[in-house]
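I have placed the structure first, in the form of structure tokens, so that the comments after it can refer back to it.
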């Protein structure tokens, strides 16, 4: 098998259908397929073949699927990199993966070329016009290199919140099964149009947007850098019916001042992941846009989808739903014992979506995958119906004077305040209690509220040990490439 076969099959079935669009640029399935054949030929001419790692550092442009599926067609392992990586980071990823070639977007060439030089990795800059000439000069690869289901297709580097980033090895079978589950959940077919706003170098965008759409034979319309007004414009222009994003994207679109200018009536189904979606935001978005949001859960190590609120079953706001087909999930204590409904423990996962392991890190693999179960580090509870509810990251748990405080619970209350746009709750070192509860908050445009008023608002709704003693206002909360709030980068106030 080979994951690239999903493109070949769709191209054979409907070669004229538009596969990928970026504003006025559109690639049909037939043209995209031909591009991947040329790219595989280009790699072969450079002596790069089955099992070799090929890094792709491109934004959401049509060249991304050309390089991604082209490298897979050649039997290579794709190593997607964040386009915002600096020289030092690029060098690390290339060295660690042993990549032989880096496809680098012209707009980020300085940092990428320097990093590639440091790592001793060949670099090919992808510049519109020039790259096409390089492809046309290549001899197309007629056949797709066949791989074993358990062979690595993609190495996705985790964000490295603790220690050195690790590369999750995802197999052809991992990614194909996950794409099939996503396609079935979102009913992605030839008539479907998906907004590709999530970065394709990230697991969520790669599996749920790109691979699932290509598998279903639909159209992926790209947005290289998220902007709420531009996203709304694309939804209207291309009649988008599936949108997948992280909570901050939903918040930005809901609160976009120009929202009502756009006709978004084509939007039917949305998926939210990457972070917990505040219930108030879910309800507000669905009311404003007249569509349904399905919240799900997963991580790079699970390809990434592990659970979802299924479209044909009851949805429970605040829940990440139930495991997808072929996947098991349970909540366990520190000794690995399964906990009864209602009790909080760590989510563990077993199934076709679990990674092969961490690239070159047997120690980390053994620590994370135990007895076939992937230990996620995420805390949750399960209800009587088998629905999972994320409580928080194990590492983000605040222990105040011996009491467990879950930031998510406090954030939900803050999001209910009419002035709050975004909120992040985190622990602040405290001599008396070990940790104190703090909240960084950004306000909606034109809103006026004091930190003291926000503190008292939460105090009136939660137990005394939970409410944030320290509340401070910020213009913006720091975010990662997918728009996920990065708590580790929030500057703590000087606590008196």
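Worth pointing out:
- Listing of helices (runs of 4 or more DSSP H) fully contained in the stretch 77-189 that carry 2 or more residues being surrounded by 15 or more Cβ atoms within 10 Å (Cβ to Cβ), free of Cβ contacts under 8 Å to residues at least 24 places away in the same chain and assigned by TED's automatic domain parsing to the domain that holds residue 55: 109-119
- In the set (1) out of contact with any strand residue (DSSP E or B) (no Cβ under 8 Å at 6 or more places or on another chain); (2) over 25 Å from residue 165 (Cα atoms), residue 95 fails one condition alone, (2).
- Taking the conditions (1) closer than 16 Å to residue 134 by Cβ; (2) surrounded by fewer than 17 Cβ atoms within 10 Å (Cβ to Cβ); (3) in contact (Cβ under 8 Å) with a residue 40 or more places away in the chain in turn, residue 58 satisfies each one other than (2).
- Taking the stretch 360-426 and the strands (runs of 3 or more DSSP E) fully enclosed by it, the elements with 2 or more residues that are buried (at least 18 other Cβ atoms within 10 Å of the Cβ) are at 373-382, 388-393, 398-400.
- Residue match in the stretch 29-40 (condition: assigned to a loop (DSSP other than H, G, I, E, B) and either crowded, with 20+ Cβ neighbours inside 10 Å or outside the structural domain of residue 206 (by TED's automatic domain parsing) (or both)): no
- The stretch 162-175, residues that are in contact with a helix residue (DSSP H, G or I) (Cβ under 7 Å, 6 or more places away or on another chain) and under 19 Å from residue 213 (Cα atoms): 175
- Single residue of 318, 273 found to be touching a helix residue (DSSP H, G or I) at 6+ places or on another chain (Cβ under 6 Å) and surrounded by fewer than 17 Cβ atoms within 10 Å (Cβ to Cβ): 318
- If the condition is being under 21 Å from residue 82 (Cα atoms) and in contact with a helix residue (DSSP H, G or I) (Cβ under 7 Å, 6 or more places away or on another chain), then the stretch 232-246 contributes only 244.
- Every residue from the stretch 428-449 that is in contact with a strand residue (DSSP E or B) (Cβ under 7 Å, 6 or more places away or on another chain), part of a loop (DSSP other than H, G, I, E, B) and within 22 Å of residue 479 (Cα to Cα): 444
- The one condition in (1) farther than 20 Å from residue 172 by Cβ; (2) crowded, with 24+ Cβ neighbours inside 10 Å that residue 7 fails to fulfil: (1)
- Residue count, the stretch 427-454 (criterion: buried (at least 22 other Cβ atoms within 10 Å of the Cβ) and over 27 Å from the mean Cα position of the chain (by Cα)): 2
- Residue within the stretch 364-372 that is modelled with pLDDT of 95 or more and over 30 Å from residue 178 (Cα atoms) present: no
The values are calculated or read from the model by the stated rules, or taken from the named source; none is laboratory data. These numbers were taken from a predicted model, which means no experiment stands behind them. Cβ: placed from backbone, ideal geometry, glycine included. Neighbour counts: every protein chain shown.
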